[in-house]
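The values are calculated or read from the model by the stated rules, or taken from the named source; none is laboratory data. Because the structure is a prediction, the values reported are computed rather than measured. Cβ placement follows ideal geometry from the backbone for every residue including glycine, while neighbour counts extend to all protein chains displayed. With ligands, DNA and RNA removed, areas are computed over all heavy atoms of the protein, side chains included. Shrake-Rupley method; radii C 1.70, N 1.55, O 1.52, S 1.80 Å.
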Amino acid sequence: MSDIADRVKKIVVEHLGVEENKVIENASFIDDLGADSLDTVELVMAFEEEFGIEIPDDAAETIQTFGDAVKFITGAA
Amino acid sequence: MFDLTGKNALVTGASGGIGGDIARALHAAGATVALSGTREAPLEALAAELGSRAHVLTCNLSDAASVEALPKAAAAAMGSVDVLVNNAGITRDNLFMRMSDDEWASVLEVNLTSTFRLCRGVLRGMMKARWGRIVNISSVVGATGNPGQANYAASKAGMVGMSKSLAYEVASRGITVNCVAPGFITTAMTEKLTDDQKGKILTQVPAGRMGEASEIAAACLYLASPEAGYVTGATLHVNGGMAMI
């Protein structure tokens with residue numbers, strides 16, 4: 001697994017308090033990992049800080065799953 | 001009780017009578033304060049009076065870019081913004097039928113839109129800290145209406161609805177959002193009223209006197225305190241019984 005995916009997973013596990021093995025490619029933050037809409041905003045904020053990037057609101061809305069996040073950050077970082 | 005030691009507070013309209021007393025009350029409770037307003041001289045005078053733990057940040061709230069920059073400047077000066085008091089406000093009174101688009105828009109821009117922008121600007125830090133206090137200064141007029149003040153009343157009622165909505169969204173993060181709604185308070189604005197006007201107003205106030213800025217400040221201090229952590233989405237009316245709502 002790439003370094004980016006590891007760092008994203010660490011943030012998701014810490015923030016949502018979920019088991020690491022639940023954080024898989026297609027895991028939806030809201031449907032599978034128990035996040036509420038504010039959690040998704042906070043995750044995006046945490047990704048921005050971890051990777052030193054800006055994630056615009058329209059892009060943030062497309063980040064629904066762990067895989068989406070890794071893909072977006074890989075493209076942006 | 002109401003100890004704000006180690007907390008950092010941003011107060012807008014701190015050059016005015018009520019804002020100045022709010023800053024004094026928070027500062028006296030131990031907070032570091034960022035004093036914002038359009039006029040630098042009274043802010044500097046207040047900062048000098050307070051001594052340490054006081055920063056001056058001038059800001060024109062009718063300018064969107066300045067408003068966006070203010071939370072960042074406050075966080076840079078103090079390290080964080082834990083308490084935000086949106087106190088700044090303007091009036092452009094006119095009869096409804098004569099009210100211009102500009103009179104309407106400028107009051108909404110400064111009183112309501114800048115409050116929205118400042119709330120948005122401080123939320124990120126409060127969310128991370130899992131602690132925050134936002135106190136928006138509304139007005140009794142927002143609840144009762146007032147002839148000649150359709151724009152002002154709309155802006156002050158708008159603050160209440162906005163505060164309640166935001167309160168819902170961030171309550172689980174330890175952030176409270178409340179309003180204080182002053183009635184008739186002794187300030188430079190009300191000093192301009194004639195004795196006759198004041199007399200008429202006082203007939204509507206069961207307490208039989210105007211309120212003091214320090215009495216608004218005390219309400220803000222409570223809502224900003226750790227003790228008020230379970231109070232959110234509320235409007236605390238401080239009006240001598242003028243409107244019991």
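Can you give the accessible area per residue of the range B:43-196, in Å², using a 1.4 Å probe?
Value for the range B:43-196: 45 Å² per residue.
Using only the alpha carbon atoms of chain A, find the Kirkwood hydrodynamic radius as the inverse mean reciprocal pair distance, in angstroms to one decimal.
It is 12.1 Å.
What average number of partner chain Cβ atoms lie no more than 10 Å from the Cβ of the residues making up B:120-128?
Across the residues of B:120-128, the mean count of other-chain Cβ atoms within 10 Å is 2.
What is the local net charge at B:THR91, summed over the other residues whose Cβ is closer than 12 Å to its Cβ (Lys, Arg +1; Asp, Glu -1)?
The answer is +1.
Within the range B:181-199, whose backbone N sits under 16 Å from a point 7 Å along Cα→Cβ of B:VAL231?
The answer is B:181-183, whose backbone nitrogens lie closer than 16 Å to the label point.
Using amide H atoms built in the peptide plane, which far-off residues or other-chain residues are under 5 Å from B:VAL180 H to H?
Hits under the 5 Å cutoff: B:ASN136, B:ILE137, B:SER138, B:LEU236.
Applying 1/(1 + (r/R0)^6) with R0 = 56 Å to the Cβ-Cβ distance of B:MET97 and B:MET1, what FRET efficiency is obtained, to the nearest 0.05?
For B:MET97 and B:MET1, the calculated efficiency is 0.70.
Computed over the Cα atoms, what is the radius of gyration of the protein assembly as shown divided by 2.2 N^0.38 Å, N being its residue count?
Here the answer is 1.12, to two decimals.
Under 18 Å from a point 7 Å along the Cα-to-Cβ line of B:ALA129: which residues of the range B:189-226 have their amide N that close?
B:220-226
Kindly provide the helix-only [θ] at 222 nm of the protein assembly as shown, computed as the sum of -39,500 (n - 2.57) over DSSP H runs of four or more divided by all residues, to the nearest 500 deg cm²/dmol?
-14500 deg cm²/dmol
Please report, largest first and rounded to whole Å, the three semi-axes of the ellipsoid equivalent to the range B:143-245, where each semi-axis is the square root of five times an eigenvalue of the C-alpha gyration tensor.
Output for the range B:143-245: semi-axes of 28, 16, 11 Å.
For B:ASP63 paired with A:GLU49, estimate the spin-label separation in nm (one decimal), with each label point 7 Å from Cα along the Cα-to-Cβ line.
Simple spin-label model gives 3.0 nm for this pair.
So for chain B, Kirkwood radius off the Cα pairs, Stokes-Einstein at 4 °C and 1.567 mPa s: how many µm² s⁻¹?
Rounded to a whole number, D works out at 72 µm²/s.
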